[in-house]
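Report on the following structure.
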Amino acid sequence: GPPLFPLPLGNPSSQAMSYADIRLRTDVSVYAPGGTIAVKARIDVLDNVAAGSDAQGAPSSSASQLSPPGAFRVKRAYGEALTPIGLLAVGRIGATWGLGMLTNGGDCADCNYGDAADRVALITPLAGHIFAVAYDIDQIGPFVAQQPGQTFLNLSPSADVHTVTVAFLRYKDDLSRDRRRLAGKTTVEYGAFVSDRWQNNDVPAEYLPTAQPIAITGSQLMSRGYQAVAVDGWARVTHPFFRIETEWAAVIGSIQQASLIPGVLYHQPVTAQQIGGALESEFGEEESRVGAGFDGGYASGDQSPGFGAFPVVGQGPAQPGDLNGPKANPPLHTTVNNFTFHPDYFVDRILFREIIGAVTGAVYARPHVRWDVMRIAPGVLQASVAGIASWAVFPESAPGGKSPLGVEIDPTLAYASRDGFGVAFEYGVLFPMAGLDNPQQNLKAFPAQLARVRVMYRY
(Lines give C-alpha, C1' and ligand atoms only; values in the text may rest on other atoms or scores of the structure.)
Protein backbone atom coordinates (compact mmCIF):
# COMPACT_ATOMS: atom_id res chain seq x y z
CA GLY A 1 0.00 0.00 0.00
CA PRO A 2 1.00 3.70 -0.12
CA PRO A 3 3.28 5.09 2.60
CA LEU A 4 1.71 6.90 5.56
CA PHE A 5 3.64 10.08 4.68
CA PRO A 6 5.18 11.40 1.41
CA LEU A 7 8.74 10.34 0.62
CA PRO A 8 11.58 12.26 -1.13
CA LEU A 9 11.59 11.74 -4.91
CA GLY A 10 15.34 11.39 -5.33
CA ASN A 11 16.04 9.01 -2.46
CA PRO A 12 12.88 7.50 -0.95
CA SER A 13 14.89 5.31 1.41
CA SER A 14 16.25 8.39 3.21
CA GLN A 15 12.76 9.35 4.40
CA ALA A 16 14.06 12.80 5.41
CA MET A 17 12.37 16.04 4.34
CA SER A 18 12.80 19.68 5.32
CA TYR A 19 11.13 23.00 4.67
CA ALA A 20 10.62 26.50 6.07
CA ASP A 21 7.63 28.79 5.80
CA ILE A 22 6.74 32.41 6.49
CA ARG A 23 3.70 34.38 7.57
CA LEU A 24 3.07 38.03 8.38
CA ARG A 25 -0.24 38.39 10.20
CA THR A 26 -1.82 41.77 10.84
CA ASP A 27 -4.99 42.32 12.85
CA VAL A 28 -6.29 45.84 12.28
CA SER A 29 -8.97 47.58 14.35
CA VAL A 30 -10.15 51.13 13.64
CA TYR A 31 -12.50 52.80 16.13
CA ALA A 32 -14.68 55.82 15.49
CA PRO A 33 -14.61 58.69 18.02
CA GLY A 34 -16.71 57.66 20.98
CA GLY A 35 -15.86 53.97 20.59
CA THR A 36 -19.35 52.80 19.52
CA ILE A 37 -18.35 51.80 15.97
CA ALA A 38 -15.37 49.72 14.86
CA VAL A 39 -14.09 48.22 11.62
CA LYS A 40 -11.79 45.21 11.95
CA ALA A 41 -9.78 43.06 9.55
CA ARG A 42 -7.23 40.25 9.51
CA ILE A 43 -4.74 40.39 6.65
CA ASP A 44 -2.14 37.68 6.15
CA VAL A 45 0.83 38.37 3.88
CA LEU A 46 2.91 35.48 2.45
CA ASP A 47 0.50 33.22 4.31
CA ASN A 48 2.28 29.94 5.02
CA VAL A 49 4.46 30.43 1.92
CA ALA A 50 7.37 28.01 1.71
CA ALA A 51 10.76 29.75 1.74
CA GLY A 52 12.38 29.47 -1.67
CA SER A 53 9.14 28.53 -3.43
CA ASP A 54 8.94 31.58 -5.74
CA ALA A 55 12.38 31.82 -7.29
CA GLN A 56 12.80 34.28 -10.14
CA GLY A 57 14.14 32.59 -13.26
CA ALA A 58 15.99 29.28 -13.33
CA PRO A 59 16.34 27.85 -9.80
CA SER A 60 20.12 27.51 -9.95
CA SER A 61 20.65 31.15 -10.97
CA SER A 62 17.83 32.85 -9.06
CA ALA A 63 18.81 35.91 -7.05
CA SER A 64 15.35 36.99 -5.91
CA GLN A 65 11.88 35.74 -4.99
CA LEU A 66 8.74 36.75 -6.85
CA SER A 67 5.57 37.78 -5.06
CA PRO A 68 3.36 34.68 -5.23
CA PRO A 69 -0.25 34.87 -6.46
CA GLY A 70 -2.54 35.71 -3.58
CA ALA A 71 0.29 37.06 -1.44
CA PHE A 72 -2.29 39.14 0.44
CA ARG A 73 -5.14 37.18 1.99
CA VAL A 74 -7.94 39.06 3.73
CA LYS A 75 -9.33 36.46 6.15
CA ARG A 76 -11.60 38.75 8.15
CA ALA A 77 -13.33 42.05 7.42
CA TYR A 78 -16.31 43.20 9.44
CA GLY A 79 -17.90 46.06 11.30
CA GLU A 80 -19.22 46.38 14.84
CA ALA A 81 -21.75 48.86 16.19
CA LEU A 82 -22.85 49.28 19.80
CA THR A 83 -26.65 49.66 19.81
CA PRO A 84 -29.15 50.03 22.69
CA ILE A 85 -29.94 46.30 22.49
CA GLY A 86 -26.41 44.96 22.07
CA LEU A 87 -23.40 44.73 19.76
CA LEU A 88 -24.28 44.27 16.08
CA ALA A 89 -21.51 42.69 13.96
CA VAL A 90 -21.73 42.24 10.18
CA GLY A 91 -19.17 40.88 7.71
CA ARG A 92 -16.66 38.05 7.44
CA ILE A 93 -16.06 37.34 11.11
CA GLY A 94 -13.61 34.97 12.78
CA ALA A 95 -15.26 32.18 14.74
CA THR A 96 -13.78 30.66 17.91
CA TRP A 97 -15.47 28.79 20.74
CA GLY A 98 -14.25 27.19 23.95
CA LEU A 99 -11.05 25.19 23.56
CA GLY A 100 -11.24 25.48 19.78
CA MET A 101 -11.92 21.75 19.46
CA LEU A 102 -14.87 22.24 17.07
CA THR A 103 -14.80 25.94 16.10
CA ASN A 104 -11.38 27.54 15.92
CA GLY A 105 -10.40 30.93 14.55
CA GLY A 106 -6.79 29.87 13.94
CA ASP A 107 -5.31 32.57 16.17
CA CYS A 108 -2.11 30.75 17.17
CA ALA A 109 1.17 31.69 15.50
CA ASP A 110 1.42 28.51 13.41
CA CYS A 111 -2.29 27.77 12.84
CA ASN A 112 -2.95 27.14 9.14
CA TYR A 113 -6.74 26.95 8.92
CA GLY A 114 -9.04 29.14 11.03
CA ASP A 115 -12.80 29.52 10.75
CA ALA A 116 -14.47 32.67 9.44
CA ALA A 117 -18.14 33.11 8.62
CA ASP A 118 -20.05 35.60 6.47
CA ARG A 119 -22.24 36.49 9.40
CA VAL A 120 -24.78 38.84 10.93
CA ALA A 121 -24.62 38.56 14.73
CA LEU A 122 -26.19 40.29 17.72
CA ILE A 123 -24.50 39.93 21.11
CA THR A 124 -26.03 41.31 24.30
CA PRO A 125 -25.33 41.00 28.06
CA LEU A 126 -28.17 39.89 30.33
CA ALA A 127 -28.27 38.61 33.93
CA GLY A 128 -24.50 38.20 34.17
CA HIS A 129 -24.29 36.24 30.90
CA ILE A 130 -23.63 37.01 27.25
CA PHE A 131 -26.31 35.93 24.77
CA ALA A 132 -25.76 35.79 21.01
CA VAL A 133 -27.67 34.91 17.87
CA ALA A 134 -26.00 34.66 14.45
CA TYR A 135 -27.07 34.01 10.88
CA ASP A 136 -24.42 32.77 8.42
CA ILE A 137 -24.43 32.60 4.65
CA ASP A 138 -22.07 29.65 4.14
CA GLN A 139 -22.29 29.10 0.39
CA ILE A 140 -24.27 30.48 -2.55
CA GLY A 141 -24.17 30.06 -6.31
CA PRO A 142 -23.84 29.53 -9.18
CA PHE A 143 -23.43 33.17 -10.19
CA VAL A 144 -24.06 35.27 -13.27
CA ALA A 145 -23.48 38.98 -13.89
CA GLN A 146 -26.47 40.72 -15.48
CA GLN A 147 -24.18 43.39 -16.95
CA PRO A 148 -20.37 43.69 -17.02
CA GLY A 149 -19.23 45.16 -13.72
CA GLN A 150 -22.65 44.72 -12.14
CA THR A 151 -23.54 42.81 -8.98
CA PHE A 152 -23.44 39.05 -9.42
CA LEU A 153 -26.79 37.31 -9.25
CA ASN A 154 -27.41 34.02 -7.47
CA LEU A 155 -29.08 31.73 -10.02
CA SER A 156 -30.12 29.04 -7.52
CA PRO A 157 -31.21 30.36 -4.11
CA SER A 158 -32.53 26.91 -3.16
CA ALA A 159 -28.96 25.56 -3.32
CA ASP A 160 -27.63 28.05 -0.76
CA VAL A 161 -26.22 26.80 2.54
CA HIS A 162 -27.32 28.68 5.68
CA THR A 163 -26.56 28.38 9.39
CA VAL A 164 -28.33 29.82 12.44
CA THR A 165 -26.61 29.73 15.84
CA VAL A 166 -27.85 30.62 19.32
CA ALA A 167 -25.35 30.79 22.20
CA PHE A 168 -24.97 31.89 25.81
CA LEU A 169 -21.80 32.39 27.79
CA ARG A 170 -20.55 33.34 31.24
CA TYR A 171 -17.07 34.67 30.59
CA LYS A 172 -14.26 36.71 32.17
CA ASP A 173 -11.46 38.29 30.18
CA ASP A 174 -7.83 37.42 30.91
CA LEU A 175 -7.23 40.51 33.06
CA SER A 176 -10.28 39.90 35.27
CA ARG A 177 -9.43 36.22 35.63
CA ASP A 178 -5.85 36.99 36.68
CA ARG A 179 -6.98 39.59 39.23
CA ARG A 180 -9.35 37.09 40.81
CA ARG A 181 -6.71 34.37 40.85
CA LEU A 182 -4.14 36.62 42.54
CA ALA A 183 -6.80 37.56 45.11
CA GLY A 184 -7.31 33.86 45.94
CA LYS A 185 -10.68 33.56 44.20
CA THR A 186 -11.97 30.79 41.96
CA THR A 187 -13.50 31.74 38.61
CA VAL A 188 -16.13 29.52 36.98
CA GLU A 189 -16.96 30.09 33.33
CA TYR A 190 -19.26 28.14 31.02
CA GLY A 191 -21.32 28.35 27.87
CA ALA A 192 -23.20 26.42 25.21
CA PHE A 193 -24.44 26.87 21.67
CA VAL A 194 -26.85 25.20 19.25
CA SER A 195 -26.21 25.55 15.53
CA ASP A 196 -28.45 24.44 12.65
CA ARG A 197 -27.16 24.25 9.05
CA TRP A 198 -29.24 23.30 6.02
CA GLN A 199 -29.25 23.06 2.21
CA ASN A 200 -32.31 22.10 0.19
CA ASN A 201 -30.89 21.63 -3.34
CA ASP A 202 -27.44 21.43 -4.88
CA VAL A 203 -25.58 21.99 -8.17
CA PRO A 204 -22.74 19.41 -8.10
CA ALA A 205 -21.56 20.41 -11.59
CA GLU A 206 -20.34 23.67 -10.07
CA TYR A 207 -17.65 22.04 -7.91
CA LEU A 208 -17.06 18.49 -9.20
CA PRO A 209 -13.85 17.96 -11.21
CA THR A 210 -14.67 17.21 -14.85
CA ALA A 211 -12.58 16.68 -17.98
CA GLN A 212 -14.60 19.33 -19.83
CA PRO A 213 -16.55 22.31 -18.45
CA ILE A 214 -20.25 21.58 -17.97
CA ALA A 215 -22.90 24.17 -18.79
CA ILE A 216 -24.84 25.13 -15.67
CA THR A 217 -28.52 24.77 -16.55
CA GLY A 218 -31.69 23.85 -14.72
CA SER A 219 -31.03 20.18 -15.46
CA GLN A 220 -27.97 20.30 -13.16
CA LEU A 221 -30.07 21.24 -10.12
CA MET A 222 -30.89 18.28 -7.90
CA SER A 223 -32.39 17.69 -4.47
CA ARG A 224 -29.98 17.43 -1.56
CA GLY A 225 -32.02 17.66 1.67
CA TYR A 226 -29.05 18.33 3.95
CA GLN A 227 -29.49 19.33 7.59
CA ALA A 228 -27.13 19.14 10.55
CA VAL A 229 -27.45 20.28 14.15
CA ALA A 230 -24.40 20.86 16.36
CA VAL A 231 -24.60 21.23 20.15
CA ASP A 232 -21.51 22.30 22.09
CA GLY A 233 -20.89 22.88 25.80
CA TRP A 234 -17.79 24.41 27.40
CA ALA A 235 -16.67 25.01 31.00
CA ARG A 236 -13.54 26.32 32.72
CA VAL A 237 -12.60 26.47 36.38
CA THR A 238 -9.62 28.68 37.28
CA HIS A 239 -8.33 28.26 40.84
CA PRO A 240 -5.21 29.93 42.28
CA PHE A 241 -3.50 26.50 42.09
CA PHE A 242 -5.04 24.86 39.02
CA ARG A 243 -7.04 25.25 35.80
CA ILE A 244 -9.44 22.65 34.42
CA GLU A 245 -11.18 23.22 31.09
CA THR A 246 -13.39 20.93 29.03
CA GLU A 247 -15.51 21.01 25.89
CA TRP A 248 -17.96 18.44 24.52
CA ALA A 249 -19.93 18.53 21.28
CA ALA A 250 -22.40 16.44 19.31
CA VAL A 251 -23.28 16.70 15.63
CA ILE A 252 -26.38 15.01 14.22
CA GLY A 253 -27.07 15.32 10.52
CA SER A 254 -28.54 13.71 7.43
CA ILE A 255 -28.33 14.01 3.66
CA GLN A 256 -31.57 12.77 2.16
CA GLN A 257 -30.04 12.50 -1.33
CA ALA A 258 -26.30 11.82 -1.41
CA SER A 259 -25.96 11.28 -5.17
CA LEU A 260 -23.84 13.78 -7.11
CA ILE A 261 -25.21 12.80 -10.53
CA PRO A 262 -28.54 14.26 -11.68
CA GLY A 263 -30.97 11.48 -12.52
CA VAL A 264 -29.03 8.85 -10.56
CA LEU A 265 -30.60 8.67 -7.10
CA TYR A 266 -30.03 6.77 -3.89
CA HIS A 267 -33.02 5.47 -1.94
CA GLN A 268 -31.41 5.65 1.50
CA PRO A 269 -30.16 8.82 3.24
CA VAL A 270 -26.65 9.27 4.61
CA THR A 271 -26.69 10.04 8.34
CA ALA A 272 -24.20 11.34 10.91
CA GLN A 273 -24.10 10.89 14.68
CA GLN A 274 -20.84 12.30 15.96
CA ILE A 275 -19.61 12.99 19.51
CA GLY A 276 -16.34 14.55 20.61
CA GLY A 277 -14.82 15.93 23.78
CA ALA A 278 -11.56 17.33 25.11
CA LEU A 279 -10.13 17.98 28.57
CA GLU A 280 -7.22 20.24 29.52
CA SER A 281 -5.71 20.76 32.97
CA GLU A 282 -2.80 22.56 34.56
CA PHE A 283 -1.78 22.19 38.22
CA GLY A 284 0.54 24.62 39.94
CA GLU A 285 0.51 28.39 40.32
CA GLU A 286 1.26 30.30 37.14
CA GLU A 287 4.04 32.12 39.00
CA SER A 288 5.65 28.84 40.13
CA ARG A 289 8.60 27.44 38.25
CA VAL A 290 7.06 23.96 37.86
CA GLY A 291 3.63 22.89 36.63
CA ALA A 292 2.00 19.73 35.33
CA GLY A 293 -1.31 18.52 34.00
CA PHE A 294 -3.26 15.89 32.15
CA ASP A 295 -5.16 16.30 28.88
CA GLY A 296 -7.38 13.84 27.08
CA GLY A 297 -9.80 13.62 24.23
CA TYR A 298 -12.34 11.44 22.46
CA ALA A 299 -13.62 11.65 18.89
CA SER A 300 -16.24 9.12 17.83
CA GLY A 301 -15.35 6.83 14.96
CA ASP A 302 -17.05 5.02 12.13
CA GLN A 303 -16.79 1.28 11.56
CA SER A 304 -15.28 1.54 8.08
CA PRO A 305 -11.78 1.80 6.53
CA GLY A 306 -9.74 4.98 6.90
CA PHE A 307 -9.95 7.80 9.41
CA GLY A 308 -11.78 10.17 7.03
CA ALA A 309 -10.23 13.37 8.36
CA PHE A 310 -10.01 15.09 4.96
CA PRO A 311 -12.06 13.29 2.28
CA VAL A 312 -11.61 14.67 -1.24
CA VAL A 313 -14.49 15.38 -3.61
CA GLY A 314 -14.68 12.63 -6.22
CA GLN A 315 -12.40 10.26 -4.29
CA GLY A 316 -13.21 6.56 -4.53
CA PRO A 317 -14.35 4.49 -1.54
CA ALA A 318 -11.73 3.80 1.12
CA GLN A 319 -10.28 0.29 1.19
CA PRO A 320 -8.98 -1.73 4.16
CA GLY A 321 -5.48 -0.47 4.92
CA ASP A 322 -6.15 3.11 3.79
CA LEU A 323 -5.19 5.96 6.09
CA ASN A 324 -7.81 8.40 4.81
CA GLY A 325 -10.78 8.37 2.46
CA PRO A 326 -14.51 9.13 2.61
CA LYS A 327 -16.60 7.38 5.23
CA ALA A 328 -19.85 7.24 3.27
CA ASN A 329 -20.04 4.72 0.43
CA PRO A 330 -23.72 4.58 -0.49
CA PRO A 331 -25.63 2.37 -0.85
CA LEU A 332 -23.24 -0.01 0.99
CA HIS A 333 -22.24 2.26 3.89
CA THR A 334 -24.49 5.21 4.73
CA THR A 335 -23.09 6.63 7.98
CA VAL A 336 -20.45 9.28 8.69
CA ASN A 337 -20.07 8.96 12.45
CA ASN A 338 -16.45 10.05 12.85
CA PHE A 339 -16.22 13.30 14.81
CA THR A 340 -13.28 15.42 13.62
CA PHE A 341 -11.46 17.91 15.84
CA HIS A 342 -10.52 21.19 14.23
CA PRO A 343 -7.08 20.76 12.59
CA ASP A 344 -5.82 23.89 14.42
CA TYR A 345 -6.49 22.23 17.78
CA PHE A 346 -3.07 20.65 18.35
CA VAL A 347 -2.61 17.71 20.73
CA ASP A 348 0.65 16.37 19.26
CA ARG A 349 3.20 17.11 16.52
CA ILE A 350 3.34 14.03 14.32
CA LEU A 351 0.47 11.51 14.35
CA PHE A 352 -2.63 13.69 14.37
CA ARG A 353 -1.10 16.94 13.16
CA GLU A 354 1.08 15.71 10.27
CA ILE A 355 0.00 12.16 9.34
CA ILE A 356 -3.78 11.91 9.92
CA GLY A 357 -4.37 15.68 9.86
CA ALA A 358 -6.70 15.98 12.87
CA VAL A 359 -8.03 13.97 15.79
CA THR A 360 -10.84 11.80 14.45
CA GLY A 361 -12.11 8.35 15.33
CA ALA A 362 -9.59 8.16 18.17
CA VAL A 363 -8.95 8.45 21.90
CA TYR A 364 -5.83 10.05 23.36
CA ALA A 365 -4.26 10.66 26.77
CA ARG A 366 -1.71 13.45 27.19
CA PRO A 367 0.20 14.05 30.46
CA HIS A 368 2.53 17.05 30.40
CA VAL A 369 4.96 18.96 32.62
CA ARG A 370 6.75 22.32 32.36
CA TRP A 371 9.75 23.93 34.08
CA ASP A 372 10.82 27.56 33.99
CA VAL A 373 14.54 27.08 33.59
CA MET A 374 15.46 30.75 33.81
CA ARG A 375 13.61 33.98 34.39
CA ILE A 376 15.42 37.06 33.20
CA ALA A 377 14.20 40.64 33.06
CA PRO A 378 12.57 40.63 29.61
CA GLY A 379 11.33 37.04 29.44
CA VAL A 380 11.31 33.37 30.44
CA LEU A 381 13.22 30.33 29.20
CA GLN A 382 10.88 27.36 29.62
CA ALA A 383 11.30 23.61 29.09
CA SER A 384 8.32 21.30 28.74
CA VAL A 385 7.49 17.79 27.63
CA ALA A 386 4.25 16.00 26.75
CA GLY A 387 3.53 12.34 26.15
CA ILE A 388 0.60 11.29 23.96
CA ALA A 389 -0.82 7.77 23.76
CA SER A 390 -3.45 7.22 21.04
CA TRP A 391 -5.93 4.51 20.09
CA ALA A 392 -8.43 4.16 17.24
CA VAL A 393 -12.06 3.88 18.36
CA PHE A 394 -12.67 1.17 15.74
CA PRO A 395 -9.80 -1.09 14.58
CA GLU A 396 -11.23 -1.00 11.03
CA SER A 397 -10.32 2.71 10.75
CA ALA A 398 -6.60 2.13 11.29
CA PRO A 399 -4.38 0.99 8.39
CA GLY A 400 -3.20 -2.00 10.44
CA GLY A 401 -6.67 -3.05 11.55
CA LYS A 402 -5.72 -2.68 15.23
CA SER A 403 -6.70 -0.04 17.81
CA PRO A 404 -3.30 0.95 19.30
CA LEU A 405 -1.85 3.75 17.17
CA GLY A 406 1.25 4.88 18.99
CA VAL A 407 3.00 6.74 21.76
CA GLU A 408 4.52 10.14 21.03
CA ILE A 409 6.93 12.22 23.12
CA ASP A 410 7.08 15.97 22.41
CA PRO A 411 9.72 18.05 24.28
CA THR A 412 10.02 21.84 23.86
CA LEU A 413 12.56 24.48 24.78
CA ALA A 414 11.15 27.99 24.33
CA TYR A 415 12.09 31.55 25.14
CA ALA A 416 9.36 34.21 25.27
CA SER A 417 10.06 37.89 25.83
CA ARG A 418 7.57 40.43 27.09
CA ASP A 419 8.51 42.75 24.23
CA GLY A 420 7.05 40.30 21.68
CA PHE A 421 10.04 38.22 20.58
CA GLY A 422 9.86 34.46 20.90
CA VAL A 423 11.88 31.48 19.73
CA ALA A 424 11.16 27.80 20.32
CA PHE A 425 12.81 24.49 19.52
CA GLU A 426 10.25 21.70 19.23
CA TYR A 427 10.99 18.01 18.85
CA GLY A 428 8.76 14.99 18.52
CA VAL A 429 9.21 11.25 18.19
CA LEU A 430 6.36 8.83 17.43
CA PHE A 431 6.69 5.16 18.33
CA PRO A 432 4.00 3.51 16.18
CA MET A 433 1.99 0.52 17.28
CA ALA A 434 0.07 -2.18 15.43
CA GLY A 435 -2.61 0.19 14.14
CA LEU A 436 -0.08 1.80 11.78
CA ASP A 437 1.47 -1.42 10.45
CA ASN A 438 0.82 -2.93 7.02
CA PRO A 439 -0.28 -6.52 7.75
CA GLN A 440 -1.06 -7.23 4.06
CA GLN A 441 2.65 -6.89 3.21
CA ASN A 442 3.95 -7.83 6.66
CA LEU A 443 5.55 -4.39 7.12
CA LYS A 444 6.07 -2.73 10.48
CA ALA A 445 5.74 1.03 10.80
CA PHE A 446 9.00 2.80 11.63
CA PRO A 447 9.34 5.51 14.32
CA ALA A 448 8.92 9.04 12.99
CA GLN A 449 10.75 12.15 14.15
CA LEU A 450 10.17 15.87 13.72
CA ALA A 451 12.29 18.88 14.63
CA ARG A 452 10.98 22.42 14.26
CA VAL A 453 12.31 25.88 15.09
CA ARG A 454 9.78 28.71 15.36
CA VAL A 455 10.74 32.39 15.50
CA MET A 456 8.05 35.00 16.16
CA TYR A 457 8.02 38.79 16.33
CA ARG A 458 4.77 40.09 17.81
CA TYR A 459 3.81 43.74 17.67
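The values are calculated or read from the model by the stated rules, or taken from the named source; none is laboratory data. If you're wondering where the values come from, they're calculated on a predicted model, not measured in any experiment. Cβ: placed from backbone, ideal geometry, glycine included. Neighbour counts: every protein chain shown. These accessible areas exclude ligands, DNA and RNA; they are computed on the full protein's heavy atoms, side chains included. Shrake-Rupley method; radii C 1.70, N 1.55, O 1.52, S 1.80 Å.
Worth pointing out:
- Considering only Pro395, Ile85, Gly34, the residue lying farthest towards the positive end of the dipole of the chain is Gly34, judged by Cα position with unit charges set on Cβ.
- About its Cα centre, the stretch 70-143 has a charge dipole of approximately 140 debye under the convention of +1 per Lys or Arg Cβ and -1 per Asp or Glu Cβ, with nothing else charged.
- Whole-Hz couplings from phi, Karplus 6.51/-1.76/1.60, listed for the stretch 444-459; x for Gly and Pro: 8, 6, 8, x, 10, 10, 9, 10, 9, 10, 10, 10, 9, 10, 10, 10
- As a length-normalised measure over Cα pairs under 8 Å and 6 or more apart, the relative contact order of the stretch 84-234 settles at 17 percent.
- Over the C-alpha trace of the stretch 290-381, radius of gyration and Dmax come out as 18.2, 65 angstrom.
- Whole-Å semi-axes of the stretch 143-298's equivalent ellipsoid (Cα gyration tensor): 48, 20, 14
- Per residue, the convex hull spanned by the Cα atoms of the stretch 13-83 measures out at 130 cubic angstrom.
- Mean residue ellipticity at 222 nm, helices only, the chain: -500 deg cm²/dmol; runs of at least 4 DSSP H residues each add -39,500 (n - 2.57), and the sum is divided by the number of residues.
- Our summary gives the chain a relative contact order of 8 percent, counting only alpha carbon pairs under 8 angstrom and 6 or more residues apart.
- Between the stretch 236-278 and the stretch 85-106, the alpha-carbon center distance in angstrom: 18
- Alpha-carbon Debye profile of the stretch 332-405, log10 I(q)/I(0) at 0.21 Å⁻¹: -0.96
- Under a model in which nothing but the beta-carbon of Lys, Arg (+1) and Asp, Glu (-1) is charged, the chain shows a dipole of about 580 debye around its Cα centre.
- Counting only the Cα atoms, the stretch 140-187 fills a convex hull of 124 Å³ per residue.
- When each of the peptides 394-403, 326-335 is scored by the mean number of other C-beta atoms lying within 10 Å of its residues, the order from highest to lowest reads 394-403, 326-335.
- Among 102-112, 259-269, sorting by the average number of other beta carbon atoms lying within 10 angstrom of each residue, highest first, gives 102-112, 259-269.
- Three principal axis lengths of the chain [C-alpha, angstrom, descending]: 69, 68, 53
- Amide hydrogen neighbours beyond the local backbone of His342, cut-off 5 Å, H modeled: Leu102
- Under 23 Å between alpha carbons - lysine pairs in the chain that sit 8 or more apart or on different chains: 5
- Volume per residue of the C-alpha convex hull in the stretch 320-365, rounded to whole Å³: 89
- With contacts taken as Cα pairs under 8 Å and at least 6 residues apart, the stretch 7-139 reaches a relative contact order of 16 percent.
- When the P(r) of the stretch 125-208 is calculated, the portion above 23 Å amounts to 53% of the C-alpha pairs.
- Debye equation applied to the C-alpha atoms of the stretch 1-141, log10 I(q)/I(0) at 0.12 Å⁻¹: -0.72
- Exposure check, 1.4 Å probe, all protein chains in place: Met222 carries approximately 10 Å² of accessible surface.
- Accessible-area composition of the chain, carbon plus sulfur, in percent [1.4 Å probe]: 63
- Cleavage-rule hits (trypsin sites (Lys or Arg not before Pro)) in the stretch 3-81: DSSP loop, at most 11 neighbouring Cβ within 10 angstrom: none
- Comparing the stretch 111-157 with the 2.2 N^0.38 Å rule of thumb, its C-alpha radius of gyration ratio is 1.80 (two decimals).
- Kirkwood-type radius of the stretch 239-323, with distances r between different C-alpha atoms, in Å: 17.0
- DSSP-loop chymotrypsin sites (Phe, Trp or Tyr not before Pro) across the stretch 176-258, with at most 16 other Cβ within 10 angstrom: Tyr207, Phe241
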